[in-house]
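**Q** First the structure, then my questions, so here it is.
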Amino acid sequence: MEPVNTEMEDIKQGNIHDYDNYLKYFNNKPAKQERREKYHSLTFVSTGIIPYDGGITTMLHLGTLLSQQGYDVYYQSCVPQKVEDMRTNAEFNFPGYQGTCLAEEQFFNHSSDIWVATLWETAYLIKNLPGYKMYFVQDYEPYFYPYGDRSQLAKRSYELGLHMVSLGPWCAEMVQKNCHINSPLDYINFPVDVAHYQLKERNFDKYLEKKTLNLAVYTKFNSPRRAPINLQLVLYNTEKLLKEKGIELNINYFGTNKNERFINGRNLGKLTKTQLRDLYYQSDFGIAPSMTNFSLVPFEMMSSGLPFIDFEEGTGPEFIPDNCCWYTRFNEYNLSALLQKICCQPKSLTKKTANAKKYLNSITWKKTLSDFLEIIANIDKKGVGRN
């Protein structure tokens, strides 16, 4: 019997040839740290610079601040990408960025006082290079994959001896709880850039009369940590429940390629900062679930004055005080009930959005930079900081 050809393909998993250029780096030899009296150069290693990426934007922002402090900052790609494309995407993600983009072929002869891995693959690549090795942990990456070889490789990357710096405390807690670590583990403030998303004053008394609610909803089709399937199902059913109460729900999804089709609502695609700000101003509520670590999007929404709703099953409670947003269970009954309840509480809307703005002013990039500089200054004191 011959198989029948179909258009479906197996999900790509574990193709070792993805790493052909770097096979010699993928071993369990622990990192050997080389400390210096002073550190002048710092190189972030990533799988290229792509647009619309929060992790890349955070890397560029931190690198720019370090460059302004006098460090020689580099962004080293470990995948084929033209330097011109790296620069273009870097400028798109973070206009005015500072630092030097390096193509893949420069990886083999570039030197740096400090190397910074930015995801699990790059931890293996840099761990035995000359210099001091750090690991900028922006997500608990074993959760990126089904339980198996890649989840184990990701988990092991935290056990290789690199000095880990977690963006916020959640990743640090996950690493401590799940891994056998033998290296420093610090965390820095999870920051927000409030300058672009200025507060728009709203008349929350008008929410009492609303029969149409506009939602700005952030998710990604290719990112389970943004809960795209569960989110669509919950909103699909929430829409029906609210309709029974005479309330229309207009759902505007963003963050996913425009050609993807959602089961309801509109797909606005990937938006520029200006488009995002306009969407927040035109919306009544914002939703942006995070299942691992966090996203910049909730902070952007809150900064613009948009009331933000998050789910208890996600990581939001680790990052946003409950007096700054609304938490609910990840199901249509709780969400629809919450939306109706909030609209009847204009004073609560006013108070929580004001609290949110005040909170965001306490977690600025200035504090993040200060945290990171303190870690560099104390490299010789192994274990110093919040580990």
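**Q** Of everything in the range 330-379, what is charged (D, E, K, R), at pLDDT 95 or above and touching a Leu at 6+ places or on another chain (Cβ under 8 Å)? Give them in sequence order.
**A** Result: GLU332, single match.
**Q** Related question: Filter the range 1-32 down to residues that are farther than 29 Å from TYR97 by Cα and open to solvent by less than 50 Å² (accessible area, probe 1.4 Å) and give me whichever is modelled with the highest pLDDT.
**A** Checking each candidate, the answer is ALA31.
**Q** For a quick check of your reading: which strands (runs of 3 or more DSSP E) sit entirely within the range 250-340 and have at least 3 residues that are open to solvent by less than 10 Å² (accessible area, probe 1.4 Å)?
**A** 285-287, 308-311
**Q** Out of everything in the range 152-188 that is in a helix (DSSP H, G or I) and open to solvent by less than 10 Å² (accessible area, probe 1.4 Å), what residue ends up being nearest to GLU374 (Cα to Cα)?
**A** As a first pass, look at the range 152-188 and keep what is in a helix (DSSP H, G or I): 152-159, 169-178.
Of the ones still in play, those that are also open to solvent by less than 10 Å² (accessible area, probe 1.4 Å) are 154, 157-158, 171-172, 175.
Values: ALA154: 27, SER157: 24, TYR158: 21, CYS171: 19, ALA172: 17, VAL175: 21 Å.
Residue satisfying both the conditions and the ranking: ALA172.
**Q** Next question. Can you say whether TYR197 is in contact (Cβ under 8 Å) with a residue 60 or more places away in the chain, part of a loop (DSSP other than H, G, I, E, B), among the aromatic types (Phe, Trp, Tyr) and open to solvent by less than 50 Å² (accessible area, probe 1.4 Å), as far as the supplied structure shows?
**A** Values: in contact (Cβ under 8 Å) with a residue 60 or more places away in the chain: yes; part of a loop (DSSP other than H, G, I, E, B): yes; among the aromatic types (Phe, Trp, Tyr): yes; open to solvent by less than 50 Å² (accessible area, probe 1.4 Å): yes.
When the stated conditions are applied, TYR197 passes them.
**Q** On the given criteria, is SER46 open to solvent by less than 30 Å² (accessible area, probe 1.4 Å) and under 21 Å from the mean Cα position of the chain (by Cα)?
**A** yes
**Q** While we're here: Can you say whether TYR236 is open to solvent by 40 Å² or more (accessible area, probe 1.4 Å), in contact with a strand residue (DSSP E or B) (Cβ under 7 Å, 6 or more places away or on another chain) and among the aromatic types (Phe, Trp, Tyr), as far as the supplied structure shows?
**A** Answer is no for this residue.
**Q** While we're looking at this one, here's another question. Can you name every residue in the range 265-302 that is at pLDDT 95 or above, of a type in the set (S, T, N, Q) and in contact with a Lys or Arg (Cβ under 8 Å, 6 or more places away or on another chain)?
**A** If the condition is that a residue be at pLDDT 95 or above, of a type in the set (S, T, N, Q) and in contact with a Lys or Arg (Cβ under 8 Å, 6 or more places away or on another chain), then ASN267 is the only one that fits.
**Q** Further, regarding this structure: How many residues are part of a loop (DSSP other than H, G, I, E, B) and either touching a residue at least 24 places away in the same chain (Cβ under 8 Å) or of a type in the set (A, V, I, L, M, F, W, C) (or both) if we restrict to the range 223-245?
**A** Going through the range 223-245 one residue at a time, the tally reaches 2.
**Q** How many residues, within the range 310-358, are touching a strand residue (DSSP E or B) at 6+ places or on another chain (Cβ under 6 Å) and among the charged types (D, E, K, R)?
**A** Result for the range 310-358: 2.
**Q** Next question, about the same structure. Which numbered condition trips up GLY161, out of (1) in contact (Cβ under 8 Å) with a residue 40 or more places away in the chain; (2) closer than 29 Å to THR364 by Cα?
**A** The number of the failed condition is (2).
**Q** Another question, then. Identify the single condition in (1) modelled with pLDDT of 95 or more; (2) buried (at least 20 other Cβ atoms within 10 Å of the Cβ); (3) closer than 26 Å to LEU119 by Cβ that ARG226 does not satisfy, given that it satisfies every other one.
**A** Condition not satisfied by ARG226: (1).
**Q** If only one of TYR187, TYR218, TYR207 is more than 27 Å from the chain's Cα centre (by Cα) and at pLDDT 90 or above, which one is it?
**A** Exactly one residue qualifies, and that residue is TYR207.
**Q** For LYS357, which of the numbered conditions (1) under 17 Å from PHE299 (Cα atoms); (2) open to solvent by less than 20 Å² (accessible area, probe 1.4 Å); (3) among the charged types (D, E, K, R) fails to hold?
**A** (2)
The values are calculated or read from the model by the stated rules, or taken from the named source; none is laboratory data. Predicted, not measured: the structure shown is a model, and the values here were computed from it. Counting neighbours? That spans all protein chains shown, and the Cβs are built from the backbone with ideal geometry, glycine included. SASA here: full protein model, heavy atoms, side chains in, ligands and nucleic acids out. Shrake-Rupley method; radii C 1.70, N 1.55, O 1.52, S 1.80 Å.
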